[in-house]
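The numbers here are math on the coordinates, done by the rules we state, and not lab data. Note that the structure is a prediction, hence the values are computed from the model and not measured. Positions of Cβ are generated from backbone atoms using ideal geometry, with glycine treated the same way; all protein chains shown enter the neighbour counts.
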Amino acid sequence: MAPPQPHPSKAPSSAGSRSKRSPAVPLSPAADLATGSNAPNTGQLSLEQSIGRKVRNLRQRLQLTASEVAAEAGLSTGMLSKIENGGTSASLATLQALARALNVPITSFFADFEERRDCSFVKAGQGVLIERRGTKSGHRYELLGHSISGDIVVEPYLITLSEDAAPYALFQHEGVEFLYMLTGKVVYRHADKLYSMAPGDALFFDAGAPHGPEELVERPMTYLSIIIYPRS
């Protein structure tokens with residue numbers, strides 16, 4: 001037997017159901033799907049834009065005005081402005097003249113466009129063990145990645161302090177350092193201040209001041225240490 005059909009007067013109204021639903025929210029364009037970082041977005045530059053940015057950076061590094069470089073290269077200021085803004089495709093002869101004006105090889109204009117973006121992947125437990133101050137006192141440093149180009153060096157370490165580790169609060173080096181506590185507890189010194197750290201706590205500081213674990217409260221302990229300093 002067929003199931004009873006609902007009375008027409010009691011049938012739900014599809015129009016009414018639609019009117020009560022929230023309007024569909026359009027997906028954000030890809031440009032809006034950015035991270036929370038304040039770092040400027042590099043995007044995907046065209047060759048003209050990449051060359052233009054390089055020309056501008058070189059000119060500004062030499063503290064030269066656009067009119068000075070244009071005159072030296074035999075160009076109008078308007079043409080140089082178009083090149084720097086990526087609005088025109090400069091001929092090889094023009095790029096050669098700019099290279100002479102800026103005292104750089106012509107190949108330098110293409111370096112940023114062809115630059116390989118670094119990426120470092122390390123499987124769990126396969127970081128490079130690093131010998132540095134503190135390792136003789138039960139401090140184990142495992143390098144988790146490396147940067148091979150750019151103006152800064154980034155060294156991410158997984159640091160393990162074993163049961164027989166001893167405090168050491170006299171580390172001092174260039175750059176800045178970020179710590180993130182994973183396991184255990186420690187009282188960490190930076191200059192004349194002490195910070196009690198437990199899992200989930202973070203510390204970011206100028207590494208030029210003396211710093212290090214002052215009191216090992218709960219061992220063994222592990223924490224991430226990310227050191228950033230200028231490439232010499």
> Considering amide H positions built from the backbone, and no H for Pro or chain starts, which residues 5 or more places from G212, or on another chain, come under 5 Å of its amide H?
Replying inline: R189
> What does the charge add up to near G52, with Lys and Arg as +1, Asp and Glu as -1, over the other residues with Cβ less than 14 Å from its Cβ?
Replying inline: +2
>> So if each residue of separation counts as 0.36 nm, and I subtract the Cα-Cα distance between E218 and A166, what length gain in nm does that give?
In response: 17.5 nm
> With contacts defined as alpha carbon pairs under 8 Å and 6 or more residues apart, what's the relative contact order of segment 128-230 in percent?
Replying inline: 33
>> How much length would be gained if the chain were fully extended between Q63 and F121, taking 0.36 nm per residue of separation minus their Cα-Cα distance, in nm to one decimal?
In response: 16.9 nm
> Karplus couplings for segment 47-58 from phi (6.51 cos²θ - 1.76 cosθ + 1.60, θ = phi - 60°), rounded to Hz, Gly and Pro as x?
Replying inline: 4, 4, 5, 5, 5, x, 5, 5, 4, 5, 5, 5
>> Under the rule a/c < 1.5 gives rounded, and otherwise a/b versus b/c splits prolate from oblate, where does segment 47-114 land using the Cα gyration tensor?
In response: rounded
>> Counting other beta carbons within 10 Å of each residue's own, what order do I159, I51, I228 fall into, fewest first?
In response: I228, I159, I51
> Going through segment 138-224, which GluC sites (Glu not before Pro) have at most 15 other Cβ atoms within 10 Å and a DSSP loop state?
Replying inline: E163, E174
